[in-house]
Amino acid sequence: MKKITLLLLLFISTSLLMNAQIVETMETSAPTPCDDIFVDEDGIIYTGKGGLSNKTNLGRITPDGTTTAVAQGMKGPISIVEAPNGLFYVTNYDDNSIKSYNRETEEVVTVATGLDGPSGIAIDSDGVIYATNWGGAPQYSGHEIHRLFPDGTFEVFISSPLFYRLQGIAFDDEGWLYAANTQNGRVFKINTATAEMQTLVTMNRNVVNMEFNDGYLYMASIQSDKIFRMNLEGEWNTFAGTGTPGGTDGPVETATFNNPIGVGFSPTGDTLYVSDTPTRIRRILLNPVSSTSQSPIDDIKIKVSPNPSSGIFEVDLGNKTYDDSQVKVVDVLGRLIFEDKVEQSKFTIDLSKAIPGSYFLVIQQHDASASVKLKVN
């Protein structure tokens, strides 16, 4: 039996293709109540604790689930973006401000004040920050988008009676800005150069935070217990969740969510993180199979034991000949951590040095592939 030891090369795979999307619940070391989610280039998750919460920090979750409190000095933080200078900018609902956070020094600085219950935040290619306003007590009727320029200039960008309890906000690849009313899911498409806007669609569904990825807007919906997906023409559907409250993992068609509110993509765009109640962080694996084709290998049966394990997996591909085949392992961020030729039908995979979590073993043969999920405890 051949033993294959995986060296964690951690370089980005360029051959990821869409396949079945899978929902799973992250195991974290502490309760992580949060509103919105941001994932940095190292796969570290930062969470805004939410408005009206008396929370004064952000949450930080490493890939192994370790949870700590950082950025003391916040006041009801909600949404987070990273600027070209490496600073985080965070909307703070409880004191109507935008604050910056330096991850190296832990310094928190108030950079803008005078907002009206700020909620969502987005940044364009020039480093200009846009913040929506949900509205402060007692009216909760925010109808403005503010913007903050890199030189510190701060202004009301648009004030409109069409806006009501704005939260979700995101840019597409072409620089168009999208924002959504929370209550009725009315989505606006905005030209930031002219401040001209149009109503793209009114979903008549609750929409909270949103993210853009690969041609689509992904939106969390508390009242619907679903994640919606919309193209840039306003056509939308349910991406994940049955609509029945719960915490069931599995395929997006059968998985359940309970009041999902925050969404954030991995750096590669292959994993969508979702926060729901009571204190869960869920992730949707958009590309659980890495290959050059979506065609399956005929009659393949990959047997792995034990699974889960502490990192040592015995793989059995049966009696079929696998000439010119390769074995790959990818993580949930879509990163290829190992590949090699398959020389025997039985071999050992050693992931004992890997961070605990989910991985995918892929067998690729010419233009076809098959895969199985691995769980490292």
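Every number in this text was worked out from the coordinates using simple rules, so none of it is lab data. Please read these numbers as outputs of a predicted model, since none were measured by experiment. Counting neighbours? That spans all protein chains shown, and the Cβs are built from the backbone with ideal geometry, glycine included.
Cross-link check: pairs Lys55/Lys99; Lys49/Lys189; Lys301/Lys346 evaluated at a Cα-Cα cut-off of 23 Å; pairs beyond the cut-off: Lys49/Lys189.
What are the GluC sites (Glu not before Pro) within segment 125-210 that DSSP puts in a loop, where the Cβ has at most 11 other Cβ atoms within 10 Å?
Listed in order of number, the matching sites are Glu174.
So between Ile355 and Thr25, what do we pick up on full extension, going 0.36 nm a residue minus the alpha carbon distance? Working shown, then result.
Numbers: separation 330, 0.36 × 330 = 118.80 nm, distance 1.61 nm.
Length difference between fully extended and current span is 117.2 nm.
Computed from the C-beta positions of Ser159 and Leu52 and an R0 of 35 Å, the FRET efficiency is 0.90 to the nearest 0.05.
Taking segment 333-377, which trypsin sites (Lys or Arg not before Pro) meet the DSSP loop condition and have no more than 11 other C-beta atoms within 10 Å? Counting only loop positions with at most 11 other Cβ atoms within 10 Å, the trypsin sites (Lys or Arg not before Pro) in segment 333-377 are Lys353. Its alpha carbons considered, segment 20-285 gives a radius of gyration followed by a Dmax of 16.8, 48 Å.
Only four residue types carry charge here, +1 at the Cβ of Lys and Arg and -1 at the Cβ of Asp and Glu. Report the dipole size of the chain about the Cα centre in Debye, rounded to the nearest 20.
Working: 28 positive and 45 negative charges, 212 e Å.
With Lys and Arg at +1 and Asp and Glu at -1, about 1020 debye.
Inter-label distance, Glu196 to Ala83: 3.0 nm, where each label sits 7 Å from its Cα along the C-beta direction.
Once the Cβ-Cβ distance of Asn231 and Asn307 is raised to the sixth power relative to R0 = 41 Å, the FRET efficiency obtained is 0.65. Extension gain for Ile44-Asp126 works out to 27.1 nm (0.36 nm per residue, less the C-alpha to C-alpha distance).
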